[in-house]
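A.B. asks: Submitted below is the structure of interest, expressed as structure tokens.
The values are calculated or read from the model by the stated rules, or taken from the named source; none is laboratory data. Please read these numbers as outputs of a predicted model, since none were measured by experiment. All Cβ positions, even for glycine, are placed from backbone atoms using ideal geometry, and neighbour counts span all protein chains on display.
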Amino acid sequence: MDVKTKVLYCAMAVLSTPALASEFVPPSVYGNVLGQIKWEDNKDYQSEIQSVQLGLLGHHRTDLVRIRYNIEAEYGRDLTAKTEQDRDFDIRLSEANLILLNHSLGSLYFGNGTVGTYKDLYSKVDIFDSNNMKRWSGSTLYRQGVYGTNQIAYGTPIWNGLQFKGAIISPNDSNGNNVDVYGLRLIYNKGNFNATLNRASTHHKQLPANATEDYVRYAFVSSYQLKDFYLAGLVELNQDDPAGDSNVYGLSTKYQLNNVTFKLGAQFKDYDDASQNNETLYLANASYAFDKHFTTFVELAEYAEDSKNDRINIGLNFHF
């Protein structure tokens, strides 16, 4: 019996355990629409709906365990795809997952959706409206992806601000390898301060055919919130990377003044191979919130070494 089967049997056992009482809470519907006008170097201006999300989020509570479920459909262009054909606008199921939570035993996650590494680390620095790590943008220097399929993850109970998480991801079910990616993560949250360390390893069978070594990625992030001021920094170390070994350093900050929010960010990718050109990205954003549902923004992305096209985005973001 492989690891994934054992974990799923455990999950089924927890779900089938009788409870003395339960509480049903109707699910909530949420959504987001991001539209913008984009001026990008070497291209005509573009007026587009960059992305649309519509989701269902809910939970069911019993005496033993709380079940949280999330289903989300997404419409947008996949700019992270390898071929132009796969980059066309399309509808995708971006979230389809369950989490079992018990205060004493921890949490168990399985399904498809946003990976825990992004939620716990990269989201701290990935704070910009248009130029970010989502698949319909794909315009940052980090190597980590946002979404994963066929995930199983476990998180321990939180003790004095500390939590440990482990995860396995198997997007390819025909490569003869049950675990394609596994990750280990240590999280510390105390008040307005966060620090998280992550190690992820991708089996060489999941990499291009010429890869003989597993690709290992280390990442560390720290963030701090002080009233209306926020600061976060991240370091990413890529070893035996098919795209070339590198270190990526990122810094993001924002300041909120009533309904106006200012954001600044910088990312620097330093390749180990001197024949590969290093990259630097600067980001600036100013947004105005008309209310809790509707925001307008102006955003600038400047690539110092012209490794990608610079761009200016003026957009509207509606969410509920």
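A.B. asks: What are the pairs, 6+ residues apart or on separate chains, where a residue within region 301-318 that is over 12 Å from GLU40 (Cβ atoms) and in contact (Cβ under 8 Å) with a residue 40 or more places away in the chain has its Cβ under 6 Å from a residue that is β-branched (Val, Ile, Thr) and part of a strand (DSSP E or B)?
C.D. replies: ILE314/ILE37; ILE314/VAL298; LEU316/THR296; ASN317/THR295; PHE318/VAL33
A.B. asks: Still on this model: Which pairs do you get when a residue that is closer than 15 Å to GLN256 by Cβ, found in region 270-290, comes within reach of a residue that is part of a loop (DSSP other than H, G, I, E, B), reach meaning Cβ atoms under 6 angstrom, with the pair 6+ apart or on two chains?
C.D. replies: Once the first residue is closer than 15 Å to GLN256 by Cβ and sits in region 270-290, its partners that are part of a loop (DSSP other than H, G, I, E, B) give ASN285/PHE128; TYR288/ASN259; ALA289/ASN259.
A.B. asks: Can you find, within region 106-132, the residue that is surrounded by the most Cβ atoms within 10 Å (Cβ to Cβ) among those that are hydrophobic (A, V, I, L, M, F, W, C) and under 14 Å from the mean Cα position of the chain (by Cα)?
C.D. replies: Going through region 106-132, the residues hydrophobic (A, V, I, L, M, F, W, C) turn out to be 108, 110, 115, 121, 125, 127-128.
Filter once more, keeping what is under 14 Å from the mean Cα position of the chain (by Cα): 115, 121, 125, 127-128.
Details: VAL115: 24, LEU121: 27, VAL125: 25, ILE127: 19, PHE128: 25.
Among them, the one singled out is LEU121.
A.B. asks: Are any residues in region 168-182 buried (at least 21 other Cβ atoms within 10 Å of the Cβ) and under 23 Å from ASP126 (Cβ atoms), and if so, which ones?
C.D. replies: ILE169, VAL181
One line per residue, one yes/no per condition, for (1) modelled with pLDDT under 95; (2) among the hydrophobic types (A, V, I, L, M, F, W, C):
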| residue | (1), (2) |
| --- | --- |
| ILE127 | no, yes |
| ALA153 | no, yes |
| GLY183 | no, no |
| LEU186 | no, yes |
| ALA195 | no, yes |
| HIS204 | yes, no |
| ASN210 | yes, no |
| PHE220 | no, yes |
| GLN225 | no, no |
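A.B. asks: Report yes if some residue within region 224-244 is under 17 Å from GLY148 (Cβ atoms) and either over 16 Å from the mean Cα position of the chain (by Cα) or hydrophobic (A, V, I, L, M, F, W, C) (or both); otherwise report no.
C.D. replies: No, there is no match, as no residue in region 224-244 is under 17 Å from GLY148 (Cβ atoms) and either over 16 Å from the mean Cα position of the chain (by Cα) or hydrophobic (A, V, I, L, M, F, W, C) (or both).
A.B. asks: Of all residues in region 159-193, which are hydroxyl-bearing (Ser, Thr, Tyr) and over 19 Å from ALA211 (Cβ atoms)?
C.D. replies: From region 159-193, those hydroxyl-bearing (Ser, Thr, Tyr) are 170, 174, 182, 188; that's our starting set.
Selection gives TYR188 alone.
A.B. asks: Within region 23-61, which residues are charged (D, E, K, R) and at positive phi? Before the answer, list the steps.
C.D. replies: First, pick out the residues of region 23-61 that are charged (D, E, K, R): 23, 38, 40-41, 43-44, 48, 61.
Those that are charged (D, E, K, R) and at positive phi: none in region 23-61.
A.B. asks: Output yes when any residue across region 290-297 is modelled with pLDDT under 95 and acidic (Asp, Glu), and no when none is.
C.D. replies: no
A.B. asks: It is to be established whether one or more residues within region 143-160 are of a type in the set (Gly, Ala, Ser) and in contact with a Leu (Cβ under 9 Å, 6 or more places away or on another chain).
C.D. replies: Pass one, region 143-160, residues of a type in the set (Gly, Ala, Ser): 145, 148, 153, 155.
Next cut, in contact with a Leu (Cβ under 9 Å, 6 or more places away or on another chain) only: 153, 155.
Yes, there is a match, as at least one residue in region 143-160 is of a type in the set (Gly, Ala, Ser) and in contact with a Leu (Cβ under 9 Å, 6 or more places away or on another chain).
A.B. asks: Here is a follow-up. If you check TYR230 against the conditions, is it surrounded by 15 or more Cβ atoms within 10 Å (Cβ to Cβ) and either modelled with pLDDT of 95 or more or of a type in the set (D, E, K, R) (or both)?
C.D. replies: Details: surrounded by 15 or more Cβ atoms within 10 Å (Cβ to Cβ): yes; either modelled with pLDDT of 95 or more or of a type in the set (D, E, K, R) (or both): yes.
Judged against the criteria, TYR230 is a match.
A.B. asks: A follow-up question, please. What number of residues within region 142-167 satisfy the criterion of being in a loop (DSSP other than H, G, I, E, B) and either crowded, with 16+ Cβ neighbours inside 10 Å or within 11 Å of the chain's Cα centre (by Cα) (or both)?
C.D. replies: Keep residues of region 142-167 that are in a loop (DSSP other than H, G, I, E, B), which gives 142-146, 156-158, 160-161.
Now drop any that are not either crowded, with 16+ Cβ neighbours inside 10 Å or within 11 Å of the chain's Cα centre (by Cα) (or both), which leaves 142-146.
Residues flagged as in a loop (DSSP other than H, G, I, E, B) and either crowded, with 16+ Cβ neighbours inside 10 Å or within 11 Å of the chain's Cα centre (by Cα) (or both) within region 142-167 amount to 5.
A.B. asks: Going by the structure shown, is ARG217 closer than 23 Å to ASN278 by Cα, among the basic types (Lys, Arg) and in contact with an Asp or Glu (Cβ under 9 Å, 6 or more places away or on another chain)? Full working, then the answer.
C.D. replies: Working: closer than 23 Å to ASN278 by Cα: yes; among the basic types (Lys, Arg): yes; in contact with an Asp or Glu (Cβ under 9 Å, 6 or more places away or on another chain): yes.
So ARG217 passes the test.
A.B. asks: For region 187-225, which residues satisfy the criterion of being surrounded by 14 or more Cβ atoms within 10 Å (Cβ to Cβ), over 28 Å from GLY265 (Cα atoms) and either touching a Lys or Arg at 6+ places or on another chain (Cβ under 6 Å) or without any contact (Cβ under 8 Å) to a residue 12 or more places away in the chain (or both)?
C.D. replies: HIS204, the sole residue that qualifies.
A.B. asks: If you don't mind, another one. Condition check: more than 12 Å from the chain's Cα centre (by Cα), free of Cβ contacts under 8 Å to residues at least 60 places away in the same chain and surrounded by fewer than 21 Cβ atoms within 10 Å (Cβ to Cβ). Does LEU100 satisfy that? Step through it out loud before you land on a result.
C.D. replies: Details: more than 12 Å from the chain's Cα centre (by Cα): yes; free of Cβ contacts under 8 Å to residues at least 60 places away in the same chain: no; surrounded by fewer than 21 Cβ atoms within 10 Å (Cβ to Cβ): yes.
The answer is no for LEU100.
A.B. asks: Another question, then. Report, by residue number, each residue of region 9-50 that is modelled with pLDDT under 95, within 28 Å of the chain's Cα centre (by Cα), within 30 Å of TYR109 (Cα to Cα) and polar (S, T, N, Q).
C.D. replies: The answer is GLN50, and nothing else.
A.B. asks: While we're on this one: Being at positive phi and polar (S, T, N, Q) is true for just one of ASN258, ASN309. Which residue is that? Outline the logic, then answer.
C.D. replies: Values: ASN309 fails: at positive phi.
Matching residue, one of ASN258, ASN309: ASN258.
A.B. asks: Moving to a separate point now. Test ASN150 against the stated conditions and say whether it is of a type in the set (S, T, N, Q) and either in contact with a Gly (Cβ under 6 Å, 6 or more places away or on another chain) or at positive phi (or both).
C.D. replies: Values: of a type in the set (S, T, N, Q): yes; either in contact with a Gly (Cβ under 6 Å, 6 or more places away or on another chain) or at positive phi (or both): yes.
The answer is yes for ASN150.
A.B. asks: Can you go through THR296, THR261 and tell me which one is farther than 21 Å from SER123 by Cβ, in a strand (DSSP E or B) and of a type outside the set (A, V, I, L, M)?
C.D. replies: Working: THR261 fails: farther than 21 Å from SER123 by Cβ.
The unique qualifying residue is THR296.
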